[in-house]
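J.: I have a structure I would like to understand better, so I am pasting it below and will then ask my questions one at a time.
The values are calculated or read from the model by the stated rules, or taken from the named source; none is laboratory data. Note that the structure is predicted; figures quoted are calculated from it, not measured. Heads up, the Cβs are rebuilt from the backbone with ideal geometry, glycines too, and the neighbour counts pull from every protein chain shown. Note: areas computed on protein heavy atoms with side chains; ligands, DNA, RNA excluded. Shrake-Rupley method; radii C 1.70, N 1.55, O 1.52, S 1.80 Å.
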Amino acid sequence: MILVMGLSKTGKSICEYLSKNKREFMVYDASYEAILPYKTMGIKSYSADEVIDEPVDLVIKSPGIPPHEEHVKFFNQKDIEIISDIEFFYREYMPKDLIAITGTNGKTTTTKMAFELLKEKGAVMGGNVGIPIMELIPGKNDIFIFELSSFGLDGTKSFRPHVAILLNIDEDHIDWHESFENYKNAKYKIFKNQLPNDYLIIDADSIDLREIKTDAHILQFSTEKINGMNSYLECDDIVFAIDDDILTVNMSKLRYKEKHNIKNFMASVLAAMIYGIDYEDIERFNREFSLDAHRIERFLNYNGVEYVDDSKATNPHAVVAALDNFHNNTILILGGFDKETNFDRLLIKASKLKKIVFCGDIKDKLKSRADELDINNYQLCDKLIDAAKYVVSIAEAGDTVLFSPGASSFDEFNGYKERGEKFQNYIKEALDA
């Protein structure tokens, strides 16, 4: 018997697939309301801390449920296999052409870039980009492009993408994985089963090649190095080289020239070259591709002050990358729900800024650490709305106000999108703009 654990979007998509294919299953969710529809259909359902007393052969677990959850611990003790939707999809379909993308930061942008480059060659996008993998119905010539989180990769066993992209790894989601080592090992599962005819694309500036044990053909990109790289900067050009296949793209053609977006572009083009893209595809990409909202979104310039929404930056590493694009006359708003990550590197970098504003659930922890590091250019605010009012009161012509929280949104909001929209509204209300 299959048990589907967690009835969010991912869990519901698995249940729908199993129902459609007349496969017997049970469900579990911490919320009684979530299991009610299944209960009324006569499907065996469990909620909260109920004991699951039916025999279980396989657990398909939603990514939000951590490995230290009591039911998960129980199944592990009983040696009952627990997998993610990624692994389940792979077992069901065994796709030949699959590009899998992970990293602490940049994976959504890179996934969407790769999709844009390959959409005319049959690309299908899913995973963390908001499209549950089990909702996809594979066609004969599909090229799947999946954005994968550490949560989903943690539950893989046989999963093997033809092309894996590992962008970067920095501390994140320690509350879920319980250690940085566990988090890193989950990320490394993206290339664990790859064979010599597969490809692993890595950022040579961020990933230690000595830690990468794989049979796959490794392609590397860098904005700092040239020797040994498959993509690199040469004057105003980005060069791409895979064996005898060489493409050159002038920087003037790119809409987004921030360092991290150049790297995302490098990774996505290398992946797309494996599937035969040419200059025409890249020119179409440059015309049509645009970034998502809430990722370094310059949404307002008022009385000479630029206001930037980077709500999607949910870990310190993302904020460090964002700050590379701004001057010291920047007011940075940090805060949100504590994921038990280390902010030291970020705080030291931010100590040169005009002001740092700490707000939300994590504000007291940030204050304590700033004091220990002898950093004093900060201000405490209770909630994001208070932070918005404060920055408006101190910002002067020539300043940039950057909301790049470095933490998740769940202390006040349902997700980074809601948080970003609220922030923009708070600023406009405070300015009466």
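J.: Is it true that F115 is assigned to a helix (DSSP H, G or I), touching a strand residue (DSSP E or B) at 6+ places or on another chain (Cβ under 9 Å), without any contact (Cβ under 8 Å) to a residue 60 or more places away in the chain and crowded, with 21+ Cβ neighbours inside 10 Å?
T.: Yes: the conditions hold for F115.
J.: Only one of D215, D170, D175, D205 is assigned to a loop (DSSP other than H, G, I, E, B), of a type in the set (D, E, K, R), within 19 Å of S149 (Cα to Cα) and in contact (Cβ under 8 Å) with a residue 12 or more places away in the chain. Can you tell me which?
T.: Details: D215 fails: within 19 Å of S149 (Cα to Cα); D175 fails: assigned to a loop (DSSP other than H, G, I, E, B); D205 fails: within 19 Å of S149 (Cα to Cα).
Being assigned to a loop (DSSP other than H, G, I, E, B), of a type in the set (D, E, K, R), within 19 Å of S149 (Cα to Cα) and in contact (Cβ under 8 Å) with a residue 12 or more places away in the chain holds for just one of D215, D170, D175, D205, which is D170.
J.: Return the residue satisfying two criteria in turn: it lies in region 124-160 and is of a type in the set (G, A, S) and part of a loop (DSSP other than H, G, I, E, B), and of such residues it is surrounded by the fewest Cβ atoms within 10 Å (Cβ to Cβ).
T.: G139
J.: Can you name the residue in region 97-111 that is at pLDDT below 95 and open to solvent by 10 Å² or more (accessible area, probe 1.4 Å) and is also nearest to I165 (Cα to Cα) among such residues?
T.: K107
J.: What are the residues in region 305-335 that are assigned to a loop (DSSP other than H, G, I, E, B) and at pLDDT below 95, if any?
T.: K312, A313, T314, N315, D324, N325, F326, H327, N328
J.: What number of residues within region 31-62 satisfy the criterion of being under 23 Å from E81 (Cα atoms), of a type outside the set (S, T, Y), in a loop (DSSP other than H, G, I, E, B) and open to solvent by less than 70 Å² (accessible area, probe 1.4 Å)?
T.: The number of residues fulfilling the criteria is 4.
J.: Name the single residue that is nearest to N168 (Cα to Cα) among those in region 336-355 being part of a helix (DSSP H, G or I) and free of Cβ contacts under 8 Å to residues at least 40 places away in the same chain.
T.: R345
J.: Kindly evaluate G420 against the criterion of being outside any helix (DSSP H, G or I), under 15 Å from A313 (Cα atoms) and either touching a residue at least 40 places away in the same chain (Cβ under 8 Å) or of a type in the set (D, E, K, R) (or both).
T.: No; evaluated as a whole, the condition is false for this residue.
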